[in-house]
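First the structure, in the form of structure tokens, and then the observations on it.
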Amino acid sequence: MAIDLLVKNIEVGLVTTNLDAMVEFYENFLGLPYTGDLDFPGGTMKRYAIGDNVLKLITLDQPPAAPATPGGGPAAAGIRYYTVVVASATKAAEQVKAAGYEIAQELAEFAPVPGMGWMFVADPDGNWVELVGPL
């Protein structure tokens, strides 16, 4: 028996101790629309829209016991990256390079779909974001 979902979107929470740099990356560089803050016992979250989905940057009153594990899929099990579809993978790659963010995987053509490209960029905490779109 499946759980009855109220909504069909997903909300992803990234816990950070590096809020200013993370806001710069997600709000100013990626351009995700900021939708507001939400305070909760023990911390605060900044909320950003990605289509019908939500990315939450979370800061805690008591910092986490361990830092983020950078390195995407090869570094650890669990949720290691998420994908953002862009209008031009080539332009996005140029913008990432110009901004000086870490490129975890250089832009490459997605072999099963000619004309589509993909790459990984690391956010300031080392979380991987896959950028996918037409070349």
- Message: I'd like to verify a number: residues in the stretch 99-135 that are among the aliphatic types (A, V, I, L, M), assigned to a strand (DSSP E or B) and free of Cβ contacts under 8 Å to residues at least 40 places away in the same chain, how many?
- Response: 7
- Scan the stretch 25-50 for residues that are surrounded by 15 or more Cβ atoms within 10 Å (Cβ to Cβ) and within 13 Å of the chain's Cα centre (by Cα) and report the count. 9
- Task: Would you mind telling me which numbered condition in (1) part of a loop (DSSP other than H, G, I, E, B); (2) more than 28 Å from Val15 (Cβ to Cβ) Pro70 fails?
- Result: (2)
- Query: Quick one: would you say Gly100 is more than 15 Å from Leu131 (Cβ to Cβ) and at pLDDT 95 or above?
  - Reply: yes
- Task: Report yes if Tyr48 is within 19 Å of Val12 (Cα to Cα), among the hydroxyl-bearing types (Ser, Thr, Tyr), in the same structural domain as Thr17 (by TED's automatic domain parsing) and in contact with a strand residue (DSSP E or B) (Cβ under 8 Å, 6 or more places away or on another chain), otherwise no.
- Result: yes
- Failed condition for Ala77, given (1) in contact with a strand residue (DSSP E or B) (Cβ under 6 Å, 6 or more places away or on another chain); (2) surrounded by fewer than 13 Cβ atoms within 10 Å (Cβ to Cβ); (3) not β-branched (Val, Ile, Thr), with all others met? (1)
- Item | the stretch 79-98 - residue that is aliphatic (A, V, I, L, M) and under 16 Å from the mean Cα position of the chain (by Cα) and, of those, nearest to Ala49 (Cα to Cα) | Val84
- Message: Quick test for you: out of Asn9, Asn28, pick the one residue that is out of contact with any Pro (no Cβ under 9 Å at 6 or more places or on another chain), in contact (Cβ under 8 Å) with a residue 24 or more places away in the chain and not aliphatic (A, V, I, L, M).
- Response: Asn9
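The values are calculated or read from the model by the stated rules, or taken from the named source; none is laboratory data. Computed from a predicted structure; not experimentally measured. Note: ideal-geometry Cβ built from the backbone for every residue, glycine included; neighbour counts use all protein chains shown.
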